[in-house]
Amino acid sequence: MEFRSLCHELAQYDLDVLALQETNLNTGEFRHRDKLKEILQQEFGMVKLVTACTPIRTDSAYKPGGVMLAIVGPSTHRVVETKADPYGRWCSATLTGKDHRLIHIYSIYQSVDQPDGFSGTRTYYDQQWEILKMADHTDPKPRQQLIDDLSAELRQRRKPQTDFILLGDFNETVGMDMTLMASICASFQLVDAVTARHPTCYNTPTYNRGSRRLDYGLISATLLPLLRESGLNQFQEVSTSDHRAVFLQLDKHELFQTGNPV
């Protein structure tokens, strides 16, 4: 099983957070989610797991889309809340930090742009379109709706001593369209953790059949002084995914008053 191999590979690192997008798994079924948790526990011990997928019914374990976020190891004790978007677009965990700081971590999957709209093939875009149509949207626009709903979510959680970490496959190069993720970055003072350390990686392709960057780790600007390292793995360096992995390393002592980087 690919997920088991991935966890086994990552277990050699001092990992605290694992965020996956496009899991293509019907985690609405408890047995599938429980299997993920079992594998994580075997490799990392303590785990707080949250997943999300659309409520569209499927006849198998396979379901396009889906997100997962796992907090592993001692950091699990700092989790005070987990949430899952009912449309399956994101999931999150909230951790307590130093001086009553709250860190909201998200795993987000944005649909690709289907210029012709609904195709009837149950792609992730089609599922989002169908959900919006059932919710009385006369002209569903799944990509823009994610931006609108995520903005509302972050606005509700924005308070003093609050930071955000958004880990995702956004299926866009952030900044090319100011109405999409760039609008969230501007509204919530988020910065690209990779280019903060490696400016030349602005448009490094992260999909092996594409020419643009699609995958990001966006963090509150207030976290920049705690960013020790960030980057993009080589294709298939730690898994067989067709995307590069994004990694971030924050100073856990400053964030949590503990020893190692998160």
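The values are calculated or read from the model by the stated rules, or taken from the named source; none is laboratory data. On a predicted model such as this, the values are computed, not experimentally measured, just so you know. Only protein heavy atoms, including side chains, enter the accessible area calculation; ligands, DNA and RNA are left aside. Shrake-Rupley method; radii C 1.70, N 1.55, O 1.52, S 1.80 Å.
Here are the numbers for the structure shown:
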| item | result |
| --- | --- |
| Range of Cα positions in region 182-262 per principal axis (Å), largest first | 41, 31, 19 |
| Debye intensity ratio I(q)/I(0), log10, region 115-154, q values 0.20, 0.23, 0.24, 0.33 Å⁻¹ (C-alpha model) | -0.58, -0.73, -0.79, -1.15 |
| For region 198-262 versus region 53-102, the gap between their alpha-carbon centres in whole angstrom | 19 |
| Cut-off under 5 Å, modelled amide H: who pairs with Arg228 long-range | Gln249, Leu250, Asp251 |
| Listed pairs Lys63/Lys159; Lys63/Lys83; Lys48/Lys98; Lys37/Lys83 exceeding 27 Å between Cα atoms | Lys63/Lys159 |
| Accessible area of the chain divided out per residue, in Å², using a probe of 1.4 angstrom | 48 |
| Under the Debye formula (equal points on every Cα, no solvent term), log10 I(q)/I(0) of region 155-211 at q = 0.13, 0.27, 0.30 Å⁻¹ | -0.40, -1.33, -1.44 |
| For region 7-23, Karplus couplings with θ = phi - 60° (6.51, -1.76, 1.60), whole Hz, Gly/Pro x | 5, 5, 5, 6, 5, 7, 9, 7, 8, 10, 9, 10, 10, 10, 10, 6, 6 |
| Whole-percent pair-distance distribution, where bins are 5 Å wide, for the alpha carbons of region 91-237 | 2, 8, 17, 20, 19, 15, 10, 6, 2, 0, 0 |
| Length gained when the stretch Thr179-Glu29 is fully extended (0.36 nm per residue, less Cα-Cα span) | 50.6 nm |
| Ratio of Rg to Rh over region 1-151 (Cα coordinates, Kirkwood Rh, two decimals) | 1.00 |
